[in-house]
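Before any comments, here is the structure.
The values are calculated or read from the model by the stated rules, or taken from the named source; none is laboratory data. A quick note: this is a predicted structure, and the numbers were derived from the prediction, not measured. When we count neighbours, we look across all protein chains shown, and the Cβ atoms used for this are built from the backbone with ideal geometry, even at glycine.
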Amino acid sequence: MSTKLNGNRVDVEELIYQSCMLMDEKDFNGFLGLCDDGFEYVLTAYSWEVKKDMIFLDHSKKELKELFDLLPKHNTDRNPLTRNAVVYKVDYDDAKKQANVISTLQVYRTTQDGGRTGLFAVGKYHDTVSLKSGKPTLVKRHVKLDTRDLGCGHHIPF
Amino acid sequence: MSRNSTQWTQKPKLPSTHYSDPVIYSDPEIFEEEKEKIFKKTWLLASHESELPNPYDFRTYDHPGGTKLVIVRGEDMKIRTFINMCPHRGNLLVYEPSGNSKNLVCIFHQWAFNGKGECVDIPREKEGYQDRLCKNDVALREVRTETAFGGFVWVNLDDNCGPLKDYVAGALDYMLPELESEPLETFWYYQATLNTNWKLIHDTNSEFYHDYLHYHNRITGMLDPKSGYWTRRLKAFPNGHAQVGTMQAKYDAYEGGGHSKLGWPHLPDGWKLVDLYPCITLNLRNSVLRIDTYIPISATKMYYEFRALGLKSDTPEIRRQRQKDAAVIWSPWGRNLHEDLIASEGQTIAMAKGSESMYFIAAREEDAGCQDEVALRHYLGEWDKRMGRSHTNPLAKPAARTVAA
Ligand code: FES
Ligand SMILES: [Fe+2]
């Protein structure tokens, strides 16, 4: 582990937490601003019934932007989500100047009508973070969900 | 002018086939009767052969009639279904949704059963039962099972039911070339708990008038004069089934990512949909076959089962593309599916028992075009036949019971 890169742990954690806050605020441009140009977003859940990983979202940065831009055209659940991540593990890849970060994730949903909060999903973020410039950026986010029953689902990625 | 209570709750000036009493979507007693008269008497799609590809593989199924089932592939490769209950003291035989085990062994006292449902071991049998009870007396209860129409596993709890083919009554003929072109494989199976009545979901799957709900479908079909959207026809089949004619969707019009040109053997760029009574939809769109089945657990709650299938021969790249195509509209983040589900829950919230709900209108007639509600009416007609009740006056004494009395 490099001591030099190790110094970036706080910056790496802040990047993960900032990504959650911006998504909670539906500041999609802000979120995309944290992402590298080649950013990939994948969300999967393992089906115990058919013993396979199911890919529920699979987007490049451009496709993610299109998804965000089209949200106002859709009928959707407008109840806000709250993401709670805790960074568990940061592994540095000195050669690639990257960090591989694993965070646990809980997503809560609060109803606009009545303000009832319920746990919506649990899982983990598996993030690849570039440390090439002064400001860490997200190169890849793989959301691995434990929860598969998401009720009516949602239009906004975790 | 708005309406007062009497006006709001009076029967519509329409033929009785064209509306229903909302109580059929919320009444617990009606639901209990549906379990007996509908779910326990009809062929239901329980699994796909690819979910249990090898000898000794098993897969569970929560039958909507209220019975837990386990589907097993025997060493002879035949797929059989049994009630998932140990005949000793009634424990669940299998707890996991899928797995592989030469024998199904009950964890409680280790009675063991083979893939034919025969009891093959009772620990200390002679010591406890002497000659009063033996393995031959305690085989599992086998349930009528057929593997057909593209390798799906169908079950019927009624030992005296007719063959599956007679039940389907030609409704799947139109999709057979695609279902049977080559072996299929389930790549998604997931459930969604919904607070809605199961019939409302089937209604949504039976008409396209609700494309006003879906931006994606408007832009890729309804608003594209070349898509064939308006020439699609709904066709009713015996036993409450229905199908929708094909069209060419213009996926390029939607920019949300995905929807490749991958297509499907015999259907390069099309869409075919068949609704089977009471709770099955086969929906082949572009490169993915989506199967909807539901496990109703009360009048207002159900587990919605979703499957997506591709071809068994898919390379990893093709399979990933199929998943991406499916995800655009049908995953828990799918553009369309989320919209369908919030609308179905909305209906159940608004039309709850005691809510002073109006009659539910299913009266669109458009020469069986895709925005006609003929399939809903056909579905309600089958409900009447099976329940011995009228969907416009469902709380009147059921006809069958009146005869029996
Ligand atoms: S309940 Fe299964 S062996 Fe006793
Ligand atoms: Fe829909």
Open item on the list: When you scan region B:234-243, do you find a residue that is in contact with a Phe, Trp or Tyr (Cβ under 8 Å, 6 or more places away or on another chain), away from chain A (no Cβ under 14 Å) and within 14 Å of ligand 2 (Cβ to nearest atom), even just one?
Closed with: no
- [ ] Scan region B:181-240 for residues that are within 24 Å of the chain's Cα centre (by Cα) and small (Gly, Ala, Ser) and jot them down.
- [x] B:Ser181, B:Ala192, B:Ser206, B:Ala236, B:Gly240
TODO: Look at B:Ile71 and say whether it is away from chain A (no Cβ under 14 Å) and of a type outside the set (Ser, Thr, Tyr).
DONE: no
Task: Residues of region B:76-90 that turn out to be part of a loop (DSSP other than H, G, I, E, B) and surrounded by 20 or more Cβ atoms within 10 Å (Cβ to Cβ), as a count - done: 2
Task: strands (runs of 3 or more DSSP E) enclosed by region B:103-218 - at least 3 residues per element that are away from ligand 2 (no atom under 16 Å from the Cβ) and more than 14 Å from every other protein chain (Cβ to nearest Cβ) - done: B:119-121, B:142-148, B:152-156
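If you check B:Lys116, B:Lys135, which single one turns out to be touching a Cys at 6+ places or on another chain (Cβ under 9 Å), basic (Lys, Arg) and surrounded by 14 or more Cβ atoms within 10 Å (Cβ to Cβ)? Walk me through how you get there before you give the answer.
Details: B:Lys116 fails: touching a Cys at 6+ places or on another chain (Cβ under 9 Å).
Residue meeting the stated conditions: B:Lys135.
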Task: Unmet requirement for B:Gly310, which otherwise passes all of (1) within 12 Å of chain A (Cβ to nearest Cβ); (2) over 20 Å from B:Leu179 (Cβ atoms); (3) in contact with a helix residue (DSSP H, G or I) (Cβ under 9 Å, 6 or more places away or on another chain) - done: (2)
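Among the residues of region B:112-143, what is the count of those that are of a type in the set (Asp, Glu) and in contact (Cβ under 8 Å) with a residue 24 or more places away in the chain?
At the first step, the residues of region B:112-143 found to be of a type in the set (Asp, Glu) are B:118, B:121, B:125, B:127, B:131, B:137, B:142.
Remaining after also requiring in contact (Cβ under 8 Å) with a residue 24 or more places away in the chain: B:142.
Result for region B:112-143: 1.
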- [ ] Considering each residue of region A:42-89, count those that are more than 7 Å from chain B (Cβ to nearest Cβ), part of a helix (DSSP H, G or I) and over 17 Å from B:Pro332 (Cα atoms), and give that number.
- [x] 5
Open item on the list: Checking the structure you have, find out if any residue of region B:224-231 is without any contact (Cβ under 8 Å) to a residue 60 or more places away in the chain, surrounded by fewer than 17 Cβ atoms within 10 Å (Cβ to Cβ) and within 16 Å of ligand 2 (Cβ to nearest atom).
Closed with: no
- [ ] Determine if region B:141-161 includes at least one residue that is modelled with pLDDT of 95 or more and within 16 Å of ligand 1 (Cβ to nearest atom).
- [x] yes
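Yes/no per residue for (1) under 21 Å from B:Lys301 (Cα atoms); (2) not in a strand (DSSP E or B):
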| residue | (1), (2) |
| --- | --- |
| B:Met1 | no, yes |
| B:Lys35 | yes, yes |
| B:Val70 | no, no |
| B:Leu92 | no, yes |
Task: Flag for B:Lys68 being under 19 Å from the mean Cα position of the chain (by Cα), within 22 Å of B:Ile291 (Cα to Cα) and crowded, with 17+ Cβ neighbours inside 10 Å - done: no
- [ ] Of all residues in region B:16-60, count the ones that are touching a residue at least 60 places away in the same chain (Cβ under 8 Å) and surrounded by fewer than 14 Cβ atoms within 10 Å (Cβ to Cβ).
- [x] 1
Open item on the list: For region B:83-95, check the following and say yes or no: at least one residue is within 12 Å of another protein chain (Cβ to nearest Cβ) and within 16 Å of ligand 1 (Cβ to nearest atom).
Closed with: yes
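Which of the residues that make up region A:123-157 are part of a strand (DSSP E or B), aliphatic (A, V, I, L, M) and within 14 Å of chain B (Cβ to nearest Cβ)?
From region A:123-157, those part of a strand (DSSP E or B) are A:123-130, A:137-145; that's our starting set.
Now drop any that are not aliphatic (A, V, I, L, M), which leaves A:129, A:138-139, A:143, A:145.
Within region A:123-157, A:Val143, A:Leu145 qualify.
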TODO: Considering (1) more than 24 Å from B:Asp158 (Cα to Cα); (2) away from chain A (no Cβ under 14 Å); (3) charged (D, E, K, R), say which one B:Asp57 fails and leave the rest.
DONE: (2)
Open item on the list: Residue pairs, Cβ under 9 Å, 6 or more apart or interchain, first in region B:1-14 and closer than 18 Å to B:Ala363 by Cα, second surrounded by 10 or more Cβ atoms within 10 Å (Cβ to Cβ) and aromatic (Phe, Trp, Tyr). List them.
Closed with: B:Thr9/B:Tyr359; B:Gln10/B:Tyr359; B:Lys11/B:Tyr19; B:Lys11/B:Tyr359; B:Pro12/B:Tyr19; B:Pro12/B:Tyr359; B:Leu14/B:Tyr359
Open item on the list: Among the numbered criteria (1) within 26 Å of A:Glu49 (Cα to Cα); (2) at pLDDT 95 or above, which one does B:Gln243 miss?
Closed with: (1)
